[in-house]
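These notes are about the structure you will find just below.
None of the figures in this text is laboratory data; all of them are computed from the coordinates on show. The model shown is predicted, which means the values in this text are computed figures rather than measured ones. Virtual Cβ from ideal backbone geometry, glycine too; neighbours counted across all protein chains shown.
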Ligand SMILES: Cc1cc2nc3c(=O)[nH]c(=O)nc-3n(C[C@H](O)[C@H](O)[C@H](O)COP(=O)(O)OP(=O)(O)OC[C@H]3O[C@@H](n4cnc5c(N)ncnc54)[C@H](O)[C@@H]3O)c2cc1C
């Protein structure tokens, strides 16, 4: 490896002012929300596909590897830190073009630096009748970065990775490919058809080190004329299983077309304020017995659910609402509908609302959930949220469960007792991401300034990961802390994947260690 020569080549590719190697910048970029030891050798900020390509060729020539980030807000899963030591960070944040927006066919083609907030602002100005599914994470996260991780969002297109096509990708060889019909410059359905014709390559480039994505088309949702926010809660956690089974039926038959969120009481508490140090006499974790003292504030509910009904008319919305009410009312202790009727296509934001649940449902980015990363910090949540800088401890696990009451009830009960035993409040968010699957997302929140907490948190993560996998619940997504935690695959999967990696990136230039055992 010749790092100095590589840096000179990066400077030639992107300009001196876009290559950073000062200690402060490198240390900031190497900080995550849990303990890491990986060093970043330099930060390079290309502004175009050609510049990305030039960086890849330079990296290959001089024997260095590149780790691409788009927004770099992958908090709780590794932030900007590469899975392996000594990589150059390729920060795509300058690639901010919104290349095409089509109001009629409801799609947008964009570059990796475009954030959720920027896309939202653009749609508001240029196509107010459409919205993009957003996340519960930072408004400054990247739409492409999140989608490549197959991140979860809100609304009918909350499973965002299933609503994208026409990727442009720079491979480790320096070659550039466009997927689906986008490989034919004259194809009229390039932005409209998921797979094109022939083998579909798109899947190779999410959750992988097989290429750097420089462009993507994302499908948009028409703003509904009628929107009902639906909220419900249960007091007895034993009711969770039957509730989940009923939600599956509503999703499968199409009465509910949107992602459904389920949060436990600990997770809700973490978004309402910081840790109750006084109540606990400065001890952690917060036991259920003390949580019960706070629970009267929210009617003693243990699980809270939220979703939305999207309809093209008030009549359709009310019909769906009546069905949801008929099914859910006997199964929950509280059920609230909040109906908004808007002026669809009038050029106004139809349902702007300060309520985060309603904002989320309409693709309006907000930081309500994100503030909880300061849960156990001893200082107030700052104006500018930055958990890497502020040493907030955040670790996610992301197991996938069948959308079935028995699985969800059992796994949630296991996670709750195991996290408490390890000394952490069992923050659990669940997302019924599709008609058949649910993401169960235990969240470890702690203070990295407390000695030993980093180690205790990772021990808890590792124990949960192993036990959930042993029960058949594998993660839909990994962090840099869990990249190597999966067991060996059945049959020849690992060998075939290794050959693909070698074919697409023979020198191992792109993101070694990312979702890979062999590269
Ligand atoms: C409190 C809290 C709430 C959260 N809520 C959510 C949520 O609701 N939904 C959700 O999905 N996540 C959530 N997250 C996790 C995370 O913050 C988001 O997923 C965030 O969007 C990821 O950061 P980013 O979009 O900036 O992507 P990046 O950090 O830029 O990218 C993520 C990873 O993808 C790869 N990558 C990025 N760009 C490229 C590219 N162009 N080519 C190839 N590979 C690339 C990189 O390896 C990178 O590390 C939450 C986190 C916290 C702490």
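Provide Rg and Dmax in Å for the stretch 35-176, with only Cα atoms included in the calculation.
15.9, 49
What shape does the stretch 244-293 have by the C-alpha gyration tensor, where a ≥ b ≥ c are the square roots of the eigenvalues, rounded means a/c under 1.5, and otherwise prolate means a/b greater than b/c and oblate the rest?
Here the stretch 244-293 falls in the prolate category.
Could you calculate the FRET efficiency of residue 462 with residue 313 from 1/(1 + (r/R0)^6), where r is the beta carbon distance between them and R0 is 41 Å, rounded to 0.05?
Efficiency, rounded to the nearest 0.05: 0.20.
What FRET efficiency, computed as 1/(1 + (r/R0)^6) with R0 = 35 Å and r the Cβ-Cβ distance, is obtained for residue 252 and residue 378, rounded to the nearest 0.05?
Working from the Cβ atoms, E equals 0.15.
Between residue 16 and residue 493, how many nm apart are label points set 7 Å from Cα along the C-beta direction?
5.0
Could you list log10 I(q)/I(0) for the stretch 1-111 at q = 0.11 Å⁻¹, which the Debye formula gives when each Cα is one point scatterer?
Computed log10 I(q)/I(0) values: -0.38.
How many angstrom lie between the C-alpha centres of the stretch 137-166 and the stretch 357-414?
16
Compute the projected area of the convex hull of the Cα atoms of the stretch 99-141, averaged over all viewing directions, and report it in nm² to one decimal place.
2.9
First measure r as the distance between the Cβ atoms of residue 485 and residue 39, then evaluate 1/(1 + (r/R0)^6) with R0 = 25 Å and state the FRET efficiency to the nearest 0.05.
Once rounded, the FRET efficiency stands at 0.65.
Cα convex hull of the stretch 136-290: how many Å³ per residue?
Normalising the Cα hull of the stretch 136-290 by residue number yields 198 Å³.
Where the Cα atoms of the stretch 106-227 are projected onto their three principal axes, how long is each span, largest first, in whole Å?
Its Cα atoms span 45, 30, 22 Å along the three principal axes.
Hey, what did the stretch 388-492 get for relative contact order, percent, Cα under 8 Å, at least 6 apart?
Across the stretch 388-492, relative contact order equals 36 percent.
Please give the length that would be gained between residue 23 and residue 469 if that part of the chain were fully extended, namely 0.36 nm times their separation in residues minus their C-alpha to C-alpha distance (nm, one decimal).
156.6 nm
Counting other beta carbons within 10 Å of each Cβ, put 236, 388, 407 in order, fewest first.
By the 10 Å Cβ count, ascending, the order reads 236, 407, 388.
Once you put a point 7 Å from the Cα of residue 5 and another 7 Å from the Cα of residue 335, both along the Cβ direction, what distance in nm separates them?
My value for the distance between the label points is 7.0 nm.
Can you give the convex hull volume per residue for the Cα atoms of the chain, as a whole number of Å³? Please list the in-between numbers first.
Working: hull volume 76.9 nm³, N = 519.
Output value, Cα hull per residue: 148 Å³.
Report the convex hull volume per residue for the stretch 77-148, counting only C-alpha atoms, in Å³.
Roughly 92 Å³ of hull volume per residue.
Using the Kirkwood radius over Cα pairs, work out the Stokes-Einstein diffusion coefficient for the stretch 394-519 at 37 °C and 0.692 mPa s, in µm²/s as a whole number.
204
Tell me, how many Å apart are the Cα centres for the stretch 479-519 and for the stretch 298-334?
43
Rg and Dmax in Å for the stretch 204-282, alpha carbons only: what are they?
Computed over the Cα atoms of the stretch 204-282, radius of gyration and Dmax are 19.7, 52 Å.
Multiplying the sequence separation of residue 175 and residue 421 by 0.36 nm and subtracting their Cα-Cα distance, what value in nm do you get? Mind dumping the intermediate values first?
Values: separation 246, 0.36 × 246 = 88.56 nm, distance 5.05 nm.
Answer, rounded to one decimal: 83.5 nm.
Two decimals is fine: what's Rg over Rh for the stretch 361-456, C-alpha atoms, Kirkwood radius as Rh?
For the stretch 361-456, the value is 1.02.
For the chain, what is the mean residue ellipticity at 222 nm derived from helices alone (per DSSP H run of n ≥ 4: -39500 (n - 2.57); sum divided by total residues; nearest 500 deg cm²/dmol)? Provide the component values of the computation, followed by the final result.
Values: 14 runs with 151 residues, N = 519.
The helix contribution divided over the chain gives -9000 deg cm²/dmol.
With a 10 Å Cβ neighbour count serving as the proxy for reagent exposure, in which order, fewest first, do 34, 465, 184 appear?
184, 465, 34
Please report, in Å, the Rg and the Dmax of the stretch 160-218, where both are computed over Cα atoms only.
10.7, 30
What is the order of 339, 175, 4, fewest Cβ neighbours within 10 Å to most?
4, 175, 339
Using packing as a proxy for protection, rank 324-334, 301-311 so that the peptide with the highest average count of other Cβ atoms within 10 Å comes first. Working shown, then result.
On the way: 324-334: 15.0, 301-311: 23.5.
Ranking the peptides 324-334, 301-311 by packing returns 301-311, 324-334.
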